[in-house]
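One structure below.
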Amino acid sequence: MEQKKKRILVVVGTRPEAIKMAPVVLELRRQDWAEVRVLATAQHRQMLDQVLTTFGIVPDIDLDMMRPNQSLPELTARLLSTLDAVLASEEPDVVLVQGDTTTVMTVALAAFYRRIPVGHVEAGLRTGDMSNPFPEEMNRVVAGCLARWHFAPTDASRENLLREGFSDDVIHVTGNTVIDALLQVAELDIPLPFELPEDRRLVLVTAHRRENFGAPFREVCAAIRDLADQHEDIHVVYPVHPNPNIAGPAHEILSGHPRISLIDPLDYLPFVSAMRRAHIILTDSGGVQEEAPALGKPVLVMRYETERPEAVAAGVVKLVGPDREAILREAGELLGDNAAHAAMAKGVSPYGDGKASGRIAGILKRELCGSAN
Ligand code: UD1
Ligand code: UDP
């Protein structure tokens, strides 16, 4: 008798989840044993939609959760109360979540209440500090507690889970699916979506972390302005995250400078082109810390801690904190010293080989159907 297909509910809420889940969705859709459904919580709206469109994914269910300047408690409450009915009607055999957002934490909890097994993609990342990043460290610890399968991107993330007492047989080192996504698009020749004077080197900036809201983020902006003041041969391009706590001060402090362009968030493909064209990247993003090393771009991370120590250890990412002086000093060194720049532009990919989604599909097949072939 033919076996019933396994129902897999893949959940995405924000831009990075969509980028990192897209290759998983596309891979699972190629499997004859799996029936894939995509649930968008739409914790993000425009930024989520553009990624899903890029990868040709139309959500089967869209909860349209985003509200302007949403708070963590009200987003969590709305999600949790909405998700239960969805899970009850969908009756998936497994729910897949990715990363460390509010979507991930609440979906894992809602699935737990319904006794539906959860697979956690990008499991085991830790700083060991619940305040950094906030609230993501808590989100991934909670999702980890509730998950049946942990798809850890690296050996270090596997070690973190082992240290927390998870047994080896529920942890699978797969690589990070962000590299699958990146390799699928990196060779496309997408033109830069902004004007860049020919004689200027591109400094690409992104920033959005909640723990940096307020004074630390104003320091970051001041550092960027100082940098543009001091280096006439650079142009700073900053696709500003739409969170009002970021967009407000960014425009207030950085608008009007002749060597700074504040632009809307870029679609994924043009953003990859911008990373490829960048001389250096200043960011507090998780995903960018993973992608830029694979593209051979030096990254200064404007945070004091990172759950992604592999690229720091490889010497291609440096932590500078949201610290005006340190950002200026380290960026100045990379702009002024070719050897220092070359040492950080090695092109290493500690986070994956582009085959993570295939591994995840294989593991799920074995776990759900009893065979990986
Ligand atoms: C969220 C995640 C963070 C992740 C980041 C990726 C949480 C708590 N935070 O942070 O872990 O690194 O996404 O970008 O889960 N907004 C829009 N349009 C959009 C998206 C956001 O206008 O497409 C604005 C809205 O005003 C929204 C606000 O940004 O209320 C904040 O969105 P939210 O998802 O709560 O937090 P992020 O800062 O985006
Ligand atoms: N990204 C994008 N457009 C932008 C900035 C970033 O497509 O204007 C992509 C980037 O390539 C990476 C992801 O968004 O894959 C990172 O998302 P974000 O920094 O918002 O979240 P984090 O990774 O910190 O959770």
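The values are calculated or read from the model by the stated rules, or taken from the named source; none is laboratory data. A quick note: this is a predicted structure, and the numbers were derived from the prediction, not measured. Glycine also receives a Cβ, built like all others from the backbone with ideal geometry; neighbour counts cover every protein chain displayed.
A few remarks follow.
- Whether a residue is at pLDDT 95 or above, out of contact with any Phe, Trp or Tyr (no Cβ under 8 Å at 6 or more places or on another chain) and over 18 Å from residue 143 (Cβ atoms) was assessed, and residue 100 does not pass this test.
- Among the residues of the range 245-283, those that are more than 15 Å from ligand 1 (Cβ to nearest atom), farther than 27 Å from residue 98 by Cβ and touching a helix residue (DSSP H, G or I) at 6+ places or on another chain (Cβ under 7 Å) comprise 253, 254, 257, 259, 260, 262, 280.
- Candidate set from the range 164-188 (those that are over 30 Å from residue 132 (Cα atoms) and touching a helix residue (DSSP H, G or I) at 6+ places or on another chain (Cβ under 8 Å)); member that is modelled with the lowest pLDDT: 186
- Enumeration of residues in the range 26-51 that are without any contact (Cβ under 8 Å) to a residue 60 or more places away in the chain, surrounded by fewer than 23 Cβ atoms within 10 Å (Cβ to Cβ) and part of a helix (DSSP H, G or I): 29, 49
- Remark: pairs (first residue in the range 214-239, modelled with pLDDT under 95; second residue of a type in the set (Asp, Glu); Cβ separation under 7 Å; 6+ apart in sequence or on different chains) are absent.
- From the list 210, 303, 259, the one residue that fits, being crowded, with 17+ Cβ neighbours inside 10 Å, under 25 Å from residue 130 (Cβ atoms), at pLDDT 95 or above and of a type in the set (Lys, Arg), is 303.
- Of the residues making up the range 345-353, not a single one is surrounded by fewer than 22 Cβ atoms within 10 Å (Cβ to Cβ), assigned to a loop (DSSP other than H, G, I, E, B) and touching a Phe, Trp or Tyr at 6+ places or on another chain (Cβ under 7 Å).
- Taking (1) touching a residue at least 60 places away in the same chain (Cβ under 8 Å); (2) of a type in the set (S, T, N, Q); (3) surrounded by fewer than 22 Cβ atoms within 10 Å (Cβ to Cβ) in turn, residue 338 satisfies each apart from (1).
- Any hit, the range 284-297, residues being over 19 Å from residue 353 (Cβ atoms), modelled with pLDDT of 95 or more and more than 12 Å from ligand 1 (Cβ to nearest atom): no
- Counted residues, the range 4-21 - those being more than 10 Å from ligand 2 (Cβ to nearest atom) and either without any contact (Cβ under 8 Å) to a residue 40 or more places away in the chain or under 12 Å from the mean Cα position of the chain (by Cα) (or both): 5
- Residue in the range 235-250 that is within 18 Å of residue 200 (Cβ to Cβ) and away from ligand 2 (no atom under 15 Å from the Cβ) present: yes
- Residue in the range 354-364 that is in contact (Cβ under 8 Å) with a residue 40 or more places away in the chain and not in a helix (DSSP H, G or I) present: yes
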